[in-house]
Amino acid sequence: MTDGARSATRPGRTPRETATHCPYCALQCGMLLREEAGRVTVLPRQFPTNRGGLCQKGWTAAELLDHPDRLTTPLVRDPASGELRPATWSTAMARIVSGLRAVQAGHGRDAVAVFGGGGLTNEKAYALGRFARVALGTRHIDYNGRFCMSSAAAAGLRAFGVDRGLPFPLADLGRADTLLLVGANPAETMPPLVRWLTEQRQRGGRLIVVDPRATATARQADLHLQPLPGTDLAVANALLHIALTEGWVDRAYVAERTDGFDAVRRTVAGWWPARAEQLSGVPVADLEATARALGTAERAIILTARGAEQHAKGVDTVTAFVNLALALGLPGRPGSGYGCLTGQGNGQGGREHGQKADQLPGYRRIDDPAARTHVAEVWGVPPDTLPGPGVPAYQLLDALGTPGGPRALLVFGSNPVVSAPRAARIERRLRDLDLLVVADLLLSETAALADVVLPAAQWAEEDGTMTNLEGRVLRRRALRPPPPGVRTDLAILADLTARLRPTPDPRRTDEPADGETADGETADPRRVFAELRRASAGGVADYAGITWERIDAADGVFWPCPTVDGPDSPRLFADRFPTPDGRARFHPVEHRPAAEEVSSDYPLHFTTGRVLAQYQSGTQTRRVAALRRAAPDAFVELHPDLAARLGVADGEPVRVVSRRGELRAPARLSPTIRPDTVFAPFHWGGPARANSVTNDAVDPISGMPEFKICAVRVEKA
Ligand SMILES: Nc1nc2c(c(=O)[nH]1)N[C@H]1C(S)=C(S)[C@@H](COP(=O)(O)OP(=O)(O)OC[C@H]3O[C@@H](n4cnc5c(=O)[nH]c(N)nc54)[C@H](O)[C@@H]3O)O[C@H]1N2
Ligand SMILES: Nc1nc2c(c(=O)[nH]1)N[C@H]1C(S)=C(S)[C@@H](COP(=O)(O)OP(=O)(O)OC[C@H]3O[C@@H](n4cnc5c(=O)[nH]c(N)nc54)[C@H](O)[C@@H]3O)O[C@H]1N2
Ligand code: SF4
Ligand SMILES: [Mo]
């Protein structure tokens, strides 16, 4: 049965049922929600990405719908006591509007900033960008995707002219003869994806994993390369060096479909495998085996994820793997290619519709006059009223409350107090604001600092679209309306927009539900999507031909899809790349050391990442009973040899100290990690916050922080 056929929500009948997708990661597993006697259960559903599988987070996602911690009323900070107190929507909205007006009157329009998230639906990401540029007139908007896949996005754009994480359907992974995963741990971060890896190996394919830890994913691989964190670029250059020496470079493809190979050839000439071994610790024999597996395969796929990307040289590191893929002639070859595993639920769509500092809908550039004219017309404003580009997320957060920086911030769908690098500093910046507004389902660590907290609807209570890691646009379908007192993000934005008008319509109701405000601002996701289609038309990420009905009638629709009766685009690059001349671009890239190197005071490498049962900053999953049981606390992963040297026993509390701060958590001894490297998950706030330790050095092109390496020492706590 198609997605659409099962989709009907049948209010008034029991059980009520709807076919939707998981609220969490970019795999967007298909699920069926069923409500019986007020209780919602999750059932897996056949969908091309998960084929009936769900991970533990998906299975338990409905628990938050009726969770006692759920926010059901706005909260406003009481000036006298300094505490957050329940308030009506009209009080909360009035406080926000007067606060925003005061800040903008005193400090200009750019003194207000907006921070979005890659978990927001396409409609919400689009509405948030328009809200910032039109209703607030500020250039300051950016979002947490900057901390996620922005390095792969920038590398993809400059090489291929487009940033679509996977330019082919996920099913292609199952057919690859060789699959190289660099800094990706899907066994924990996208468990149902593992079935494609299993299928790949059952068909006789080779799986190679590059990770400083022998993760659950690496343990399934035919070959595991275990580099020092931050050395992937050298590894990639050495792989291309070997491919050149052995004659595996696809010269016809390079000549016909690419530009700039000569400069890359000169750079990688200096990357003797032995030199890469010295730097990364990956044996020459393993480098040779990897290059051979890729270079001689009929169908080869190279994928990167956060391990390779979250570095101050993330763009260049991804570029080195893109260079390798291009030299081998993979992009556009059937069953082959390069891709990035996007992370957040709408991590792909969230980066296309204008919540990025330099971007307008359709993946257009905000400094492109033609793009400004097109989008301004859709928005019904003169093009010259649109602000110019803002600054990337970390720079934005780090400017808050500083002289000349923004003095008010609205946050939708992120918890930077836990997830931003050098988080103690960002926490101070947030406290320095005149006005902090957070829309969330729960009182996150960031919401707890806010002046106004707005209770937002959850995934099972809203309609909209999400674009998964394959560039496949899907439907999120409401099972039931939000509880009383709770509004969708779209309703919040519509109401704020109406209230911020110079002369608000006197008929405006104080408590608009979903639908329309009296003066015509729409909170209806279907109407927002119709506008998004027009705004994206002609852009790189063209949604003009995508309708909700079309998504319902199939298993989603792949962008670009410019016409309603024309085809969509599951596979890109078959004949040309979307660059001006249709050719892909090589860029020579050189290894450089991490922004912070180890020293006698800080002799160990610190890296961070995820565990299966917790999601991101943990606001949601730390409140789900089964997940809390599965992963109750933070930990510091140490090699037993290192632990012995430090005199630390398994389970004993340790401190991980960097130049920026420290975290405290129990030691977890594991022979699967390099003895010179320690790892901690970033899902917890408070004393165990990994981001108290991380470095805020950022990539010069993408603005990606260096979450995956800094220098620390470990002590008994
Ligand atoms: N359970 C769970 N699943 C999730 C999420 C979650 O929070 N929890 N988040 C979602 C999101 S938003 C994202 S972005 C994805 C992320 O998905 P992944 O990228 O798979 O997740 P990470 O654990 O951040 O990093 C992957 C691996 O990189 C390794 N690594 C660290 N440093 C380096 C290095 O220098 N080089 C290399 N090659 N590897 C290195 C780590 O050891 C880790 O195993 O997961 C998504 N899925
Ligand atoms: N050290 C370290 N730090 C990292 C990473 C790492 O690997 N290491 N990874 C980085 C990556 S890849 C990412 S993606 C970020 C993620 O980090 P965050 O941006 O903090 O992401 P979440 O924890 O998903 O935050 C989402 C918040 O919004 C709320 N929320 C969920 N859905 C909605 C909605 O529809 N509307 C509204 N209004 N609120 C909603 C949730 O309750 C939660 O509080 O962390 C980054 N930080
Ligand atoms: S893999 Fe991702 S989308 Fe699928 S159930 Fe788990 S969290 Fe949800
Ligand atoms: Mo992410």
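The values are calculated or read from the model by the stated rules, or taken from the named source; none is laboratory data. Fair warning: this is a prediction, and the values are worked out from it, not measured in the lab. Please note: Cβ atoms are built from the backbone with ideal geometry, for glycine as well, and neighbour counts cover all protein chains shown. These accessible areas exclude ligands, DNA and RNA; they are computed on the full protein's heavy atoms, side chains included. Shrake-Rupley method; radii C 1.70, N 1.55, O 1.52, S 1.80 Å.
Structure values in brief
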quantity: Virtual paramagnetic centre 7 Å along Cα→Cβ of Gln395, amide N under 13 Å, in the range 337-373; calculated: 357-359
quantity: Residues Ala285 and Arg201, FRET efficiency given R0 of 25 Å [Cβ-Cβ distance, rounded to 0.05]; calculated: 0.75
quantity: FRET efficiency estimate (nearest 0.05) - Cβ-Cβ, Asp575 to Asp262, R0 25 angstrom; calculated: 0.55
quantity: Whole-percent carbon and sulfur share, accessible surface of the chain, 1.4 Å; calculated: 51 percent
quantity: Student exercise, the chain dipole from Lys, Arg, Asp, Glu Cβ charges, in Debye to nearest 20; calculated: 560 debye
quantity: Per-residue SASA entry for Cys22, accessible area with 1.4 Å probe, Å² rounded to 10; calculated: 10 Å²
quantity: Which of Asp432, Asp286 is most accessible, then next, and so on - probe 1.4 Å; calculated: Asp432, Asp286
quantity: Accessible surface, 1.4 Å probe, highest first, among residues Trp272, Trp59; calculated: Trp272, Trp59
quantity: Distance in nm between pseudo-label sites at Arg592 and Val564 (7 Å out along the Cβ direction from Cα); calculated: 5.0 nm
quantity: D_trans [Stokes-Einstein, Kirkwood Rh over alpha-carbon pairs] for the chain, 4 °C, 1.567 mPa s, µm² s⁻¹; calculated: 50 µm²/s
quantity: For Gly118, distant residues with modelled amide H under 5 Å away; calculated: Asn144, Gly145
quantity: Loop trypsin sites (Lys or Arg not before Pro), the range 196-268 (other Cβ atoms within 10 Å of the site Cβ: 13 or fewer; DSSP); calculated: Arg203
quantity: Accessible heavy-atom area order of Asp641, Asp676, Asp565, Asp172, highest first, probe of 1.4 Å; calculated: Asp565, Asp641, Asp676, Asp172
quantity: Fully extended contour minus Cα-Cα distance, from Thr402 to Leu43, at 0.36 nm per residue; calculated: 124.4 nm
quantity: Inter-site label distance for Ser98 and Ala630 at 7 Å from Cα along Cβ, in nm; calculated: 4.7 nm
quantity: Reachable lysines from Lys356, criterion Cα separation under 23 angstrom, eight or more residues apart if same chain; calculated: Lys124, Lys313, Lys708
quantity: Net lengthening on full extension, Trp272/Arg534 (0.36 nm per residue, minus Cα-Cα); calculated: 89.2 nm
quantity: Extended-chain gain in nm, criterion 0.36 nm per residue less alpha-carbon gap, Arg70 and Glu715; calculated: 228.4 nm
quantity: Karplus (6.51, -1.76, 1.60) ³J(HN,Hα), θ = phi - 60°, over the range 594-605, in Hz, Gly and Pro reported as x; calculated: 4, 4, 10, 9, 5, 9, 5, 6, 10, x, 10, 8
quantity: Rough spin-label spacing in nm, given labels placed 7 Å along Cα→Cβ, for Asp601 and Arg527; calculated: 5.9 nm
quantity: Leading residue at positive end of dipole, the range 604-716 (Cβ point charges), from Pro632, Ala667, Thr607; calculated: Pro632
quantity: Net charge of neighbours whose Cβ lies under 12 Å from the Cβ of Trp271, counting Lys and Arg as +1 and Asp and Glu as -1; calculated: +1
quantity: Burial order of peptide ranges 173-181, 603-611 (average beta-carbon count within 10 Å, highest first); calculated: 173-181, 603-611
quantity: Over 13 Å [Cα-Cα, the range 34-102], rounded percent; calculated: 76 percent
quantity: Among Ala371, Val411, Ala393 - extreme Cα towards positive end, dipole of the range 328-448, charges at beta-carbon; calculated: Ala393
quantity: In sequence order, calculated HN-Hα J values of the range 360-365 (Karplus, 6.51, -1.76, 1.60; Hz; x Gly/Pro); calculated: 10, x, x, 6, 8, 8
